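For reference, the structure discussed in these notes is given below.
The values are calculated or read from the model by the stated rules, or taken from the named source; none is laboratory data. Treat the numbers as computed from the prediction; the structure is a model and nothing was measured. For neighbour counting, all protein chains shown are included, and Cβ atoms are generated from backbone atoms with ideal geometry for every residue, glycine included.
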């Protein structure tokens, strides 16, 4: 715990200080989730209610999911070098399965009866989308975002291998020097970030899910 | 206030041999309740859903207050028509108050205070104390309570027309009857023009001023419950309305159908109980049995003028007359 308690490890002018590594880590996770959603949301909407296309897309996402992240980074280094892309691409690939699947499930779960009720009371298409379709679909989509975010926070430690700074630095740099105090600090910080992000997204999910069954913690 | 007129309205789905609704024409008077009855596949729901253009007719016209609905913007049209369905369809993520106000919100033009007041008024009207129910969610309510909210939601913008598609069909018998009574009570206050699809003839008799009987997309008969009982257009109508049931005839046929002028009682002078002309045969029969009087004197309900007398024998004649009439028709049909 010593590492976490030393004031000089919080020196903002040092790019390798805890706050700066923390922000770098958040940046990696943020960019990954942004790109992931830009790909997965339209894809999920596209494959919803199209069982054959769904099967195809999910099978591909599943195959990609089984490739170990470490292996993917190793291969990508020969193509994209030590770059942000090498760090981000495996992370994005990892989120796709859960995001596409949850988005498609969410769209399939919209009750056509409620869409028609909205239409029958005189909602225009925009009102049907905002007042009926989205409120029904969002809780399930956010549940996927929650899992994807927590997973990404963990795997983002590997970004160090692609030369990108983040909380993974504490682990990988200090393993070599057997400074296990710093290694443990890195582990604790990543775990803490994951738990906090999980709880925040759980809160969002609970708010969105109001009126329906309660959301499970796990 | 609104009158609905159907002019040769037809809906033919592509690839079907006969139209779902076949050249149906009739009028629904302003502020009245018209029941659409028939077996499944008779086209009653299709007919209903063409009024707010959830289904577009193949040909014909539906005219509301002189305006052809097909020339209206469908969204504006739907906003001035209340719609209640069997499955209710409350939005699960909205509270009861939010579910009621949503129709008014999308229509626009309501201040927050007016909306809040309106929601409370409506919950009160459908028998759900606002303080207790306002903030609940649909899944916390029973089926009957949910349908009360469905009714309140449809009434929120005070539409002149209500379309109701078997709204009480999924409720248990006791709740259904209670809801029917509530609807009658509410309708006395609000005077909407109601088009009500039902597969329950008892319900149709109870709620409808007019009943439209549909079969295979065609309008077979339009009339009051008494019309359908006394002069069914064909065997189908007779079977549907239960013309065979003596009890139903007694319940709905009016005393004036069984009047006679010269009886022993009339000779004896006016010492018999009097009855008003809008009473039913059943009420008259019970009165006769209860008082053991030989006859009842029937007076016009408005002018108090004596119209004639009614006896157990005359009631019996009226019922057997209806029966004889039926047998004769059945034979012709064969």
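Taking the stretch A:11-20 as the range and being surrounded by 13 or more Cβ atoms within 10 Å (Cβ to Cβ) and either in contact with a helix residue (DSSP H, G or I) (Cβ under 6 Å, 6 or more places away or on another chain) or not in a helix (DSSP H, G or I) (or both) as the test, the residues that pass are A:11, A:14, A:16, A:17, A:18. Going through (1) modelled with pLDDT of 80 or more; (2) touching a helix residue (DSSP H, G or I) at 6+ places or on another chain (Cβ under 9 Å); (3) over 30 Å from residue B:50 (Cβ atoms) one by one, residue B:272 falls short only on (1).
Go through (1) modelled with pLDDT of 95 or more; (2) in a helix (DSSP H, G or I) one by one and return the number of the condition residue B:53 breaks. Answer for residue B:53: the failing condition is (2).
Scanning the stretch B:148-184 for residues that are over 17 Å from residue B:210 (Cβ atoms), within 13 Å of the chain's Cα centre (by Cα) and either without any contact (Cβ under 8 Å) to a residue 24 or more places away in the chain or assigned to a loop (DSSP other than H, G, I, E, B) (or both) turns up B:166, B:167, B:168, B:181. Here is a check on your reading of the model: is residue A:109 closer than 30 Å to residue B:100 by Cβ, without any contact (Cβ under 8 Å) to a residue 24 or more places away in the chain and within 14 Å of chain B (Cβ to nearest Cβ)? Answer is no for this residue.
Would the stretch A:202-217 turn up any residue that is in contact with a strand residue (DSSP E or B) (Cβ under 7 Å, 6 or more places away or on another chain), within 11 Å of chain B (Cβ to nearest Cβ) and farther than 20 Å from residue A:41 by Cα?
Pass one, the stretch A:202-217, residues in contact with a strand residue (DSSP E or B) (Cβ under 7 Å, 6 or more places away or on another chain): none.
No, because not a single residue in the stretch A:202-217 is in contact with a strand residue (DSSP E or B) (Cβ under 7 Å, 6 or more places away or on another chain), within 11 Å of chain B (Cβ to nearest Cβ) and farther than 20 Å from residue A:41 by Cα.
Can you tell me which residue in the stretch A:120-130 is farthest from the chain's Cα centre (by Cα), limited to those that are within 10 Å of chain B (Cβ to nearest Cβ) and surrounded by fewer than 21 Cβ atoms within 10 Å (Cβ to Cβ)? Filtering the stretch A:120-130 for residues that are within 10 Å of chain B (Cβ to nearest Cβ) and surrounded by fewer than 21 Cβ atoms within 10 Å (Cβ to Cβ), the one farthest from the chain's Cα centre (by Cα) comes out as A:124.
Residues considered: A:114, A:193. Of these, the only one that is surrounded by 15 or more Cβ atoms within 10 Å (Cβ to Cβ) and within 24 Å of the chain's Cα centre (by Cα) is A:193.
Is it the case that residue B:140 is closer than 14 Å to residue B:82 by Cα and surrounded by fewer than 15 Cβ atoms within 10 Å (Cβ to Cβ)? No: the conditions fail for residue B:140.
Residues are listed down the side, and each one gets a yes or a no for (1) crowded, with 20+ Cβ neighbours inside 10 Å; (2) away from chain B (no Cβ under 14 Å); (3) in contact with a helix residue (DSSP H, G or I) (Cβ under 9 Å, 6 or more places away or on another chain); (4) under 30 Å from residue B:163 (Cβ atoms):
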{"site": "A:132", "(1), (2), (3), (4)": "yes, no, yes, yes"}
{"site": "A:139", "(1), (2), (3), (4)": "yes, no, yes, no"}
{"site": "A:145", "(1), (2), (3), (4)": "yes, yes, yes, no"}
{"site": "A:178", "(1), (2), (3), (4)": "no, yes, no, no"}
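Kindly indicate whether residue B:211 is within 22 Å of residue B:62 (Cα to Cα), in contact (Cβ under 8 Å) with a residue 60 or more places away in the chain and in contact with a helix residue (DSSP H, G or I) (Cβ under 7 Å, 6 or more places away or on another chain). Full working, then the answer.
Details: within 22 Å of residue B:62 (Cα to Cα): yes; in contact (Cβ under 8 Å) with a residue 60 or more places away in the chain: yes; in contact with a helix residue (DSSP H, G or I) (Cβ under 7 Å, 6 or more places away or on another chain): yes.
Yes.
Mind checking which residues of the stretch B:167-185 are away from chain A (no Cβ under 14 Å) and either buried (at least 18 other Cβ atoms within 10 Å of the Cβ) or within 16 Å of residue B:87 (Cα to Cα) (or both)? Result: B:168, B:169, B:171, B:172, B:175, B:176, B:179, B:180, B:182, B:183. Residues of the stretch B:185-206 being touching a residue at least 24 places away in the same chain (Cβ under 8 Å) and out of contact with any strand residue (DSSP E or B) (no Cβ under 6 Å at 6 or more places or on another chain), which ones? B:186, B:187, B:189, B:190, B:191, B:199, B:200, B:201, B:203, B:205, B:206 - these are the residues of the stretch B:185-206 that are touching a residue at least 24 places away in the same chain (Cβ under 8 Å) and out of contact with any strand residue (DSSP E or B) (no Cβ under 6 Å at 6 or more places or on another chain).
You will find that of A:99, A:46, A:64, the residue that is buried (at least 16 other Cβ atoms within 10 Å of the Cβ) and at pLDDT below 95 is A:46 and no other. For the stretch B:106-132, which positions are surrounded by 19 or more Cβ atoms within 10 Å (Cβ to Cβ) and within 14 Å of chain A (Cβ to nearest Cβ)? Once the filter is applied, which keeps residues that are surrounded by 19 or more Cβ atoms within 10 Å (Cβ to Cβ) and within 14 Å of chain A (Cβ to nearest Cβ), the stretch B:106-132 yields B:106, B:107.
Which members of the stretch B:70-102 meet the condition of being within 20 Å of residue A:109 (Cβ to Cβ) and either within 8 Å of chain A (Cβ to nearest Cβ) or surrounded by fewer than 17 Cβ atoms within 10 Å (Cβ to Cβ) (or both)? Selection gives B:87, B:89, B:91, B:92, B:93, B:94.
Has the stretch B:284-306 got at least one residue that is under 27 Å from the mean Cα position of the chain (by Cα), part of a strand (DSSP E or B), surrounded by fewer than 19 Cβ atoms within 10 Å (Cβ to Cβ) and at pLDDT 85 or above? Talk me through it step by step, then tell me what you get.
Of the stretch B:284-306, the ones under 27 Å from the mean Cα position of the chain (by Cα) are B:284-286, B:300-302.
Remaining after also requiring part of a strand (DSSP E or B): none.
Scanning the stretch B:284-306 turns up no residue that is under 27 Å from the mean Cα position of the chain (by Cα), part of a strand (DSSP E or B), surrounded by fewer than 19 Cβ atoms within 10 Å (Cβ to Cβ) and at pLDDT 85 or above.
When residue A:193 is tested against (1) modelled with pLDDT of 95 or more; (2) within 14 Å of another protein chain (Cβ to nearest Cβ), just one condition goes unmet, and that condition is (2).
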